[in-house]
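What follows is a short report on a single structure.
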Amino acid sequence: MEFGWTKEQEMWRRAVREFAQKKIAPRVREIDTNHHIPDEIVKGMTDMGLWAPTVSEAYGGEGMNVTMATIAAEELGRAEISLALPVWYLVEASWGYIFERYASPELKQEILPDVTAGKKFLGIATTESGGGSDIEGVTRSRGEQQPDGSWILNGEKVYISGVKESQRIGGIHMTLVRTDPSAGHKGFTFFAVPLKDNPHITPTYFENWGRTGISTGGFTMENMPLDDRYRIGKVGQGFYMAMEGFTFARALIGATCVGAAETALNMGVEYIKQRQSFGKPLSAYQGINFPAAERFVDIETARLLTYKAAWMADQMYEKGTFKHKDIALYGAMAKLRAPIMAFETFNEVANWLGAMGYSKEYPIEMGIRGVRSYSIGAEGGMNIMRMIIARELIGGEYTNPRQ
Ligand SMILES: Cc1cc2nc3c(=O)[nH]c(=O)nc-3n(C[C@H](O)[C@H](O)[C@H](O)COP(=O)(O)OP(=O)(O)OC[C@H]3O[C@@H](n4cnc5c(N)ncnc54)[C@H](O)[C@@H]3O)c2cc1C
């Protein structure tokens, strides 16, 4: 067992932290207010190799493994506590990896170099108006193959990150549709759907109350013709690819929560050491320092679960020593603990700050709003994590809600 970092991991963490603290942290309020990630930050991320760093060098990426991607996610969360930029990062790092694993060489060549250069957006679209948790039960979007091998796509996706960004700079959303209605979860296929300048796409937008620097929207596909080369992976493989991508993304979400929560806790600790009440600093009272101790442990717990999930994923991809279901379990555990832990940390620190904690003088409210998106939805709600964990603990045959 080895809990230390390698030299390479330490250097990467240091480099991302330096960049993120210098170039991103001072601009979090601006990102949240303007609902936009400034172009200079996008450019800086490109120079740092932070767009889809998991994509191989052949397509302009860094060929980083899951642990390295997780380290960067933690540092971006530490700097950008509204969690908008970390979402953009983690969507591309996780789904970009899945895209490279399954797309054809021609499609990868067409899409990935622009994604890793920060010039195009790569998103994920599985959720529909009927719900996001039960993909197999509620997905209505359809893909029908034509006699010449091409496809016609119809349907609507909702609550999708990056629709505005994709409309602005171009790119694709990995879009899950049903291609065989009689095949249950084996009847899904992924396609790379370009949203920009696409006459068959009608975008919609939602106004979120958190992580506002990246848009959330949706899109309708109406009789959209798509060449077969835009298919990602095999016909019928989509559901499994979705589960694999969710697992990867959940580890990264865990890391962004750990980084953001640590920023909040450090901010709070500095404050309680200075602030005097009843003749002593707040930090001298156990009503304050016991919750601080609890949050400290919670952060470390979430960090351990997160990096274990990342490490296991690397073992699976590099050595084949774990199966996806093992990583899915740890990804779900990290996703179950980390967003709640971060929310509670922000909330606790707001208490310590008193009235200041409720004002926009402090960035705490941005963290509370941002991190809440992770427990409500994004890459699966909390009960879906509990379902995955219960399935592993008790057995699928005893916990399947469809039986
Ligand atoms: C800010 C934001 C960005 C997002 N970005 C994307 C994106 O880029 N791409 C994308 O595809 N989706 C995205 N989503 C959607 C997200 O994946 C869904 O919100 C999530 O899957 C939950 O689906 P739902 O919101 O439809 O809730 P539902 O599926 O309707 O579930 C509602 C509630 O019931 C719970 N629940 C469901 N089934 C059960 C059960 N069997 N037992 C107990 N409880 C249950 C859920 O956990 C949830 O709390 C985003 C969501 C948010 C909030």
Task: Candidate set: the range 180-194, residues that are over 20 Å from the mean Cα position of the chain (by Cα) and buried (at least 23 other Cβ atoms within 10 Å of the Cβ); chosen: the one farthest from the ligand (Cβ to nearest atom) - done: Thr189
Open item on the list: Tell me whether the range 358-371 contains one or more residues that are more than 25 Å from Glu74 (Cα to Cα), among the hydroxyl-bearing types (Ser, Thr, Tyr) and away from the ligand (no atom under 12 Å from the Cβ).
Closed with: yes
Open item on the list: Condition (residue is in contact (Cβ under 8 Å) with a residue 12 or more places away in the chain, closer than 19 Å to Gln9 by Cβ, in a helix (DSSP H, G or I) and in the same structural domain as Val258 (by TED's automatic domain parsing)) applied to the range 331-354: is it met by at least one residue?
Closed with: yes
Task: helices (runs of 4 or more DSSP H) wholly inside the range 101-207 that include at least 3 residues being among the charged types (D, E, K, R) and either over 20 Å from Glu244 (Cβ atoms) or touching a residue at least 60 places away in the same chain (Cβ under 8 Å) (or both) - done: 105-116, 163-169
TODO: Output the residue which, of all residues in the range 151-176 that are within 12 Å of the ligand (Cβ to nearest atom) and of a type in the set (A, V, I, L, M, F, W, C), is nearest to the chain's Cα centre (by Cα).
DONE: Ile160
Open item on the list: Between Glu40, Glu74, which is surrounded by fewer than 24 Cβ atoms within 10 Å (Cβ to Cβ) and either in a helix (DSSP H, G or I) or charged (D, E, K, R) (or both)?
Closed with: Glu40
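The values are calculated or read from the model by the stated rules, or taken from the named source; none is laboratory data. All values derive from a computational prediction rather than experimental measurement. FYI the Cβ positions are ideal-geometry reconstructions off the backbone, even for glycines, and counts take in every protein chain you see.
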